[in-house]
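*Asks:* Below is a structure I'd like to ask you about.
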Amino acid sequence: LALAPMPTQPVRVVVVGAGPSGLLACINFLNRNANSNDVTYHVTLVERGEDYGALDASGLEKKRSWMIGLSTHGLTAIRRVPSLYEEYVSKVGVPVHATALCVGSRKFEAKSDEIGENYVVDRNFVVAAIARFLKDKFETSKYLTQRYNTKVNFVDSDERRIFVRDQNGRDEYIPYDLLIGCDGVRSQVRAALVANHRDFESSVGDIFNRYKSVHIELPEHLDGNMIYITPQCLPNFNGIALPETGGKVNLAMGCPTSAKVPAALESDDVTAVADYLRDNFKAFALPCEAVAKQWVAQPWNTTGMVHCNFYHRWPLTGGKHTCARRLGKTQRAVVMCGVCGFRWRCGSKCSWVVW
Ligand SMILES: Cc1cc2nc3c(=O)[nH]c(=O)nc-3n(C[C@H](O)[C@H](O)[C@H](O)COP(=O)(O)OP(=O)(O)OC[C@H]3O[C@@H](n4cnc5c(N)ncnc54)[C@H](O)[C@@H]3O)c2cc1C
């Protein structure tokens, strides 16, 4: 992070969002305190949800969310923090050694040394692991304030402060010198930024837009350290099977909102769904009854991806230009970090922002 003259000492850093990127950003700032004599950061983490790092294993099991695959840039950001991967993150997910593309019943396989490494983990599990690291290393630090169950409702970039409400309905302003937006796909910080900087305009597009996701025992003939990508695994449906801890697999199948969903998959009849899966799913042997039971018991989920004009253009993804941006006057800085929905690049983006 290249620092212009500091408005105050210590620098008040506010990180919005305690997802993987927000937690990593906090750790990186706090580590800088230990490694630098020049600048001290006082980090305030603001998260609207609960602290998964405070849950024990059974509490966390009830908070399962969706599986994410971390590839090289995400893993690099994590490994840059000594012991974070080895002692925390590596305990909660599954390393992947190969990926298979399943077309009908045929498989095309590529090993990780050809296509890069991958580590699959439940989003809330990796959040809990990084949050535990933050607690273990910095909970008693006078430079860290954690504000869970506190929602950012507004960014007042003129006055350099955010307006928050806690779980008891108490409103408050929190001032900042540097604001880091790690608040996910519908970011308040991004909203404040795009109001003034057209480069950061973004749109939300779809990956597969309506989907359901089941957790099943590893089917016979599947490898517990492989990813299986299953395009058109059912008519109009794409799918992905990701390995989980405990010898399980998370299978998600979905389609664009514009696609026609077969009547059987809309029904709440377990037998109808199981029969449909048996007739149509060819990628691997599926425990159709078990899948059908979970299928009918859940509503459709939706998912989308943020596409940002600035971060997704060539100079930032591989060109030679410096990845730096001055946003307004130094004294009025609002810095957006990792604006894309796929936020794992944040670890490196933090150090690219000049303000
Ligand atoms: C089905 C599915 C599959 C995915 N697969 C992958 C994958 O394979 N690989 C991958 O890299 N990514 C994947 N993703 C995306 C992945 O979830 C994100 O990349 C990752 O969670 C981004 O981390 P983040 O810290 O930037 O944001 P998030 O994890 O979204 O965290 C944002 C945090 O900000 C908090 N927050 C939001 N608004 C406010 C507010 N106003 N005030 C306070 N706090 C706020 C939220 O509560 C949340 O904790 C997938 C997502 C889905 C839904």
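*Asks:* So between ASP223 and THR257, what do we pick up on full extension, going 0.36 nm a residue minus the alpha carbon distance?
*Replies:* 9.1 nm
*Asks:* To continue, here is another question. So, by mean Cβ neighbours within 10 angstrom, what's the order for 127-136, 227-236 with the highest one leading?
*Replies:* In descending order of packing, they fall as 127-136, 227-236.
*Asks:* Where a ≥ b ≥ c are the square roots of the eigenvalues of the C-alpha gyration tensor, would you call segment 210-302 rounded, which needs a/c under 1.5, or, failing that, prolate if a/b is larger than b/c, or oblate?
*Replies:* It is prolate, given that a/c is not under 1.5 and a/b is the larger ratio.
*Asks:* Normalised by the number of residues in segment 133-186, what is the relative contact order in percent for Cα pairs under 8 Å and 6+ residues apart?
*Replies:* Result for segment 133-186 is 21 percent.
*Asks:* Taking LYS137 as the anchor, which aspartates and glutamates have their alpha carbon closer than 14 Å to its alpha carbon, excluding any fewer than eight residues away along the same chain?
*Replies:* Here the aspartates and glutamates satisfying the reach criterion relative to LYS137 are GLU87.
*Asks:* Roll a 1.4 angstrom probe over the protein heavy atoms and tell me the percent of accessible area of segment 210-302 that is carbon or sulfur.
*Replies:* With neighbouring chains kept in place, the figure for segment 210-302 is 52 percent.
The values are calculated or read from the model by the stated rules, or taken from the named source; none is laboratory data. Since the structure is predicted, the reported quantities are computational estimates derived from the model, not experimental observations. Don't worry about glycine lacking a Cβ; one is built from the backbone with ideal geometry, like all the others, and counts go over all protein chains shown. In case anyone asks, the SASA skips ligands and DNA or RNA and just uses the protein heavy atoms, side chains included. Shrake-Rupley method; radii C 1.70, N 1.55, O 1.52, S 1.80 Å.
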